[in-house]
Amino acid sequence: MSRTRPPDDGDELLARLGALTAQARERAELQRSQVELAIALQRGMLPRDLPTADGFHLAVRYTPATHGLSVGGDWYDAFRLPDGRIGLSIGDVQGHNIEAAAFMGQVRAGLRALASVTGEPGDLLARTNELLLSLGSDLFATCTFLRLDPATGVLESARAGHIPCVWATADGRSGIAEDDGGPPLGVVPGARYPVTRYGLTTGGVFVLVTDGVVEGPSMHLDEGLDQVVRLAGVAAVAGLDVAALAGAVIKGAERVGHADDAAVLVIGHDGQRAPRSQP
């Protein structure tokens, strides 16, 4: 007479543990794929080329989020306006997922499209705000938009809930731009965005960043901005090019221990005309 062997509790426990491990691995792979897709969306929507103008130079740096499987919606942009001036923007979408990356693309595309109607920074942000509200999304974005006139060196700036710019001049002055701003885009109907004008003098720089550069677990916002001010001041006095300054600022972002994207846009004026080809 044969007896049925009772099930081994240890074997059953191992089988269940194996099944749970496989499920966790599948979820991790799915999340990783989503992050890779979001990063690809981000990089595909950022500009490949930057406009040029005599005496003015632009440099950008971007580092994706490094915390777990998160991905943010930071962007930068620079493009020629219909009147020959240059439009520049930098911003950050709320959230850390594919939806944030896709919404970033909508904001950037909206800014570019509306800039063909008006390049005035305050009006442009107001129109973009209404456009985003009409989409009915739960997301919102902070943004700074600047209009640069290469003929005069005048920069016109409007902010929508974003971190202020940092400036520095060749004679050793530097600081944080003290301008009024409006609410983030996509939050308040009928919002208005004041415009502040600056003069970008020879040897001077303006630095635009997202919060991943200046705020994180290891550094408060004020301390992070002060770090950028110091770097911009040294670069302007030493006559460093904008690419070197942008690289130093994004390198400094490592100190904040950021769990967010980090983007930097630097505008510099060296007064040099670009070389012309001979006929």
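The values are calculated or read from the model by the stated rules, or taken from the named source; none is laboratory data. The structure displayed is predicted, hence computed values, not measured ones. Don't worry about glycine lacking a Cβ; one is built from the backbone with ideal geometry, like all the others, and counts go over all protein chains shown. Ligands, DNA and RNA are excluded from the accessible area calculation, which covers all protein heavy atoms including side chains. Shrake-Rupley method; radii C 1.70, N 1.55, O 1.52, S 1.80 Å.
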Exercise for review: Might you check whether a residue that is open to solvent by less than 30 Å² (accessible area, probe 1.4 Å) and under 17 Å from residue 59 (Cα atoms) occurs anywhere in segment 182-203?
Suggested key: yes
Study note, to complete from the structure: Those residues of segment 97-150 which are in a strand (DSSP E or B), hydroxyl-bearing (Ser, Thr, Tyr) and more than 22 Å from residue 64 (Cα to Cα) amount to none
Review point. Can you tell me which residues in segment 137-158 are buried (at least 18 other Cβ atoms within 10 Å of the Cβ), touching a residue at least 40 places away in the same chain (Cβ under 8 Å) and among the small types (Gly, Ala, Ser)?
Key: 141, 157
Point to revise | Pairs where the first residue, in segment 164-177, is under 10 Å from residue 229 (Cα atoms) and the second is in a loop (DSSP other than H, G, I, E, B) and aliphatic (A, V, I, L, M), C-beta under 8 Å, 6+ apart | key: 165/177; 166/177; 167/177
Revision key, fill the gap. Taking segment 159-174 and the residues there that are assigned to a strand (DSSP E or B) and either on the phi < 0 side of the Ramachandran plot or polar (S, T, N, Q) (or both), the one that is surrounded by the fewest Cβ atoms within 10 Å (Cβ to Cβ) would be 174
Review point. Among 253, 274, which is among the aliphatic types (A, V, I, L, M) and either in the same structural domain as residue 199 (by the TED database) or at pLDDT 95 or above (or both)?
Key: 253
